[in-house]
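Peer 1: Dumping the structure here so I can ask a few things about it.
Coordinate-derived values only; no laboratory data. Note that this is a predicted model, so its numbers are computed, not measured. Don't worry about glycine lacking a Cβ; one is built from the backbone with ideal geometry, like all the others, and counts go over all protein chains shown.
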Amino acid sequence: MTIAYTYACRDCEGMEACPASITAETREELWQLMGHHAQIAHAENPADWDQETVAYLETLIREVNVETTDK
Ligand SMILES: [Zn+2]
C-alpha cells in the first residue's frame with residue numbers, strides 16, 4: 001500500500017458539476033495536475049490563484065491508501 005494524494009474537483013465550491021478526480025503520488029505532482037486540469041477544463045490559470053484559493057484547495061486534498069501491484 002502506498003499513500004497517495006487525491007483531489008475531487010466536485011468538492012470545490014462552484015465545481016459540483018465537474019466529474020474529474022485526480023490522484024498522484026506526491027502533493028507536488030497533484031498540484032501540477034490540478035493546475036493542468038483547471039486550465040484545460042475550467043480555463044483558469046493556476047498562476048492567478050491567490051493565497052486564499054490555494055489554501056482552500058489545500059483543504060480539499062485528501063490522503064488515500066492505494067493498492068499497488070508491485071511487491
Ligand atoms: Zn474540474
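Peer 1: At q = 0.12, 0.13, 0.22, 0.25 Å⁻¹, what is the log10 ratio I(q)/I(0) for the chain, with the Debye formula run over Cα points and no solvent?
Peer 2: Those come out to -0.32, -0.38, -0.98, -1.21, one per q.
Peer 1: If you average the C-alpha positions of the range 57-71 and of the range 1-41 separately, how far apart do those two centres end up, in angstrom?
Peer 2: 11
Peer 1: Only helical DSSP H runs with n ≥ 4 go in: add -39500 (n - 2.57) per run for the chain, normalise by residue count and round the 222 nm mean residue ellipticity to 500 deg cm²/dmol. Intermediate results must be reported in sequence, preceding the final value.
Peer 2: Working: 2 runs with 26 residues, N = 71.
Value at 222 nm, helices only: -11500 deg cm²/dmol.
Peer 1: GluC sites (Glu not before Pro) within the chain: which are DSSP loop residues with at most 16 other Cβ atoms inside 10 Å?
Peer 2: E13, E16, E25, E44, E67
Peer 1: I've got another one for you. Counting pairs of alpha carbon atoms under 8 Å apart in space and at least six apart in sequence, what relative contact order in percent does the chain give? All intermediate terms of the calculation are to be shown ahead of the outcome.
Peer 2: Details: 81 pairs, mean separation 31.4, N = 71.
After rounding, I find 44 percent.
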